[in-house]
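The values are calculated or read from the model by the stated rules, or taken from the named source; none is laboratory data. Small disclaimer: the values here were computed from a predicted structure and weren't measured. Ideal geometry is used to build each Cβ from the backbone, glycine not excepted, and the neighbour counts take in all protein chains shown.
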Amino acid sequence: MEKYFQADGSEPFILFSPTHLSTLFSVFFLIIMIYFLRRPLRNQELNFKARTFLAMVLITSEISLHMWLWRIGEWTIQYSLPFHLSSISVILSAALLLSRSYQLFEFTYFAGVGSALQAMITPDLSSYTFPHFRYVHFFISHGGIVIANMFFVFVEKYKPSWKSVWRAYLYLNLYTFFVFLLNYFVHGNYMYISEKPVNPSILDYLGPWPFYLIPLELMALITFIFLYLPFVVRDYLKK
């Protein structure tokens, strides 16, 4: 059991391996189940229990990550505070589940789901694979963001508007500016906006710092629009 919590994983992560694909399928399966169970999940008591359970899963996943980093001696103020987009999306998605705030949904649906989907398709896991803690945590937290927001789309019938796209984009840029200042004061690299990550990533193809931030802005906007398209298509088909 101890080897599953070591700082270095014993086996490397392999992109689109059977393990990776099975994990992606599991997340997709849970989303499909929420869709088919959307009517029973609107029952007041069951709805409350489901939202609370999902929120606790997200909160526990975030706490467990910090406990693990502290245990292996890698928790630092420069890199471990919950200010990466994935961490803040986990926290805000948990808050969304407990509060049902539409304003939170506007941000977590676009920024949270968009970043979580990209992270799960191309995970930055290097030497961690199932059943190592880091692998399990990674997909529970990122998959949990997507599942939580799909719960609000299918069960709560939340629907973003075209203005939601631009509000979420504005919120993301304001948050990025805050993180940029934080990185300056703590000498960190949250959201990888101060320098590229050590491990190979898509940023390697976008030019040197700070020029890769421009295509990142464009990619974020395209992702937001892509996430809004299903609602456009649904409205068109209804008409």
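Quick one: in the stretch 155-187, which of the residues that are of a type in the set (A, V, I, L, M) and out of contact with any Phe, Trp or Tyr (no Cβ under 7 Å at 6 or more places or on another chain) is farthest from L41 (Cα to Cα)?
Step by step, filter the stretch 155-187, then rank; the result is V186.
Taking the numbered list (1) hydrophobic (A, V, I, L, M, F, W, C); (2) modelled with pLDDT of 95 or more; (3) surrounded by 15 or more Cβ atoms within 10 Å (Cβ to Cβ); (4) farther than 30 Å from F177 by Cα in turn, F25 passes all entries but (3). Taken together, M56, M67, M33 contain a single residue that is surrounded by fewer than 15 Cβ atoms within 10 Å (Cβ to Cβ), closer than 20 Å to F105 by Cβ, within 22 Å of the chain's Cα centre (by Cα) and of a type in the set (A, V, I, L, M, F, W, C), which is M56.
Pairs are defined by a Cβ separation below 7 Å, a sequence spacing of at least 6 or placement on different chains, a first member in the stretch 64-89 that is assigned to a loop (DSSP other than H, G, I, E, B), and a second member that is acidic (D, E); the pairs so defined are P82/E62.
For the stretch 195-239, the candidate set comprises residues that are among the charged types (D, E, K, R) and in a loop (DSSP other than H, G, I, E, B); within that set, the residue that is modelled with the lowest pLDDT is K239. Checked against (1) crowded, with 16+ Cβ neighbours inside 10 Å; (2) of a type outside the set (S, T, Y); (3) touching a residue at least 24 places away in the same chain (Cβ under 8 Å), L92 passes all but condition (3). Against the test of being of a type outside the set (F, W, Y), in a helix (DSSP H, G or I), in contact with a helix residue (DSSP H, G or I) (Cβ under 7 Å, 6 or more places away or on another chain) and modelled with pLDDT under 95, the options A95, A50, A111, A119 yield a single qualifying residue, A119. As a summary of the residue check, Y79 satisfies the conditions (1) among the hydroxyl-bearing types (S, T, Y); (2) modelled with pLDDT of 95 or more; (3) touching a Phe, Trp or Tyr at 6+ places or on another chain (Cβ under 8 Å); (4) under 19 Å from Y192 (Cβ atoms) except for the one numbered (2). Every test in (1) over 25 Å from Q78 (Cβ atoms); (2) at pLDDT 95 or above; (3) in contact with a Leu (Cβ under 9 Å, 6 or more places away or on another chain) is passed by L170 save one, and that test is (3). The set of residues from the stretch 2-22 being touching a residue at least 40 places away in the same chain (Cβ under 8 Å), surrounded by fewer than 12 Cβ atoms within 10 Å (Cβ to Cβ) and within 29 Å of N149 (Cβ to Cβ) comprises I14, L15. Taken together, the residues in the stretch 157-194 that are in a loop (DSSP other than H, G, I, E, B), touching a residue at least 12 places away in the same chain (Cβ under 8 Å) and surrounded by fewer than 13 Cβ atoms within 10 Å (Cβ to Cβ) amount to 1. Residue pairs whose Cβ atoms lie under 6 Å apart, sitting 6 or more positions apart in sequence or on different chains, and linking a residue in the stretch 202-214 that is farther than 17 Å from I121 by Cα to a partner that is part of a loop (DSSP other than H, G, I, E, B) and of a type in the set (A, V, I, L, M, F, W, C), are Y212/L206.
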